[in-house]
1. Put a dot 7 Å past each Cα toward the Cβ at Asp94 and Asp61; how far apart are the dots in nm?
2. Using the basic label-point model (7 angstrom from Cα toward the beta carbon), what is the Trp23 to Lys83 distance in nanometres?
3. Would you mind calculating the gained length between Leu72 and Glu106 on full extension (0.36 nm times residue separation, minus the Cα-Cα distance), in nm to one decimal?
4. Would you list Phe60, Phe27 from fewest to most Cβ contacts within 10 Å?
5. What order do you get for Leu96, Leu72 when you list them from fewest to most C-beta neighbours inside 10 Å?
Amino acid sequence: MLKIKDSVDLKELEKFGFEEKPWGYIFYPNNNSPQTRYFSAIKIEIPDDKKSWLNRTFMFDLQNMSLWCNSLEELKSDFENIKQSYEAFKKLVDDLKKADLVEEVED
């Protein structure tokens, strides 16, 4: 599992496209957003309990999965979005590793 290093100021994430939220940070790959029919996001949660094992870990989150798909074209678009979002996630992780902001931790 990947985690933002404890020594990193989380404001650094904004340089990589993350947005600050009350619960942590979020990155919407490929112009995804909550306003789209279907979207994906990468979350880094900062729980109230700073000792939580989830603190600063990456979560790839698929949202609005309960929405009905009314056509094969929508389904094709959703699959393409998942693929593109995953590619954006891999690139983001590589960029964060190059910047020495992340570390591997055990589950």
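1. 2.6 nm
2. Label at Trp23, label at Lys83, 3.1 nm between them.
3. Here the segment from Leu72 to Glu106 would lengthen by 8.3 nm.
4. Phe60, Phe27
5. Leu72, Leu96
A short reminder: the numbers here are calculations on the coordinates, not readings from a lab. Note that the structure is predicted; figures quoted are calculated from it, not measured. No Cβ is skipped: glycine too gets one built from the backbone with ideal geometry, and neighbour counts run over all protein chains shown.
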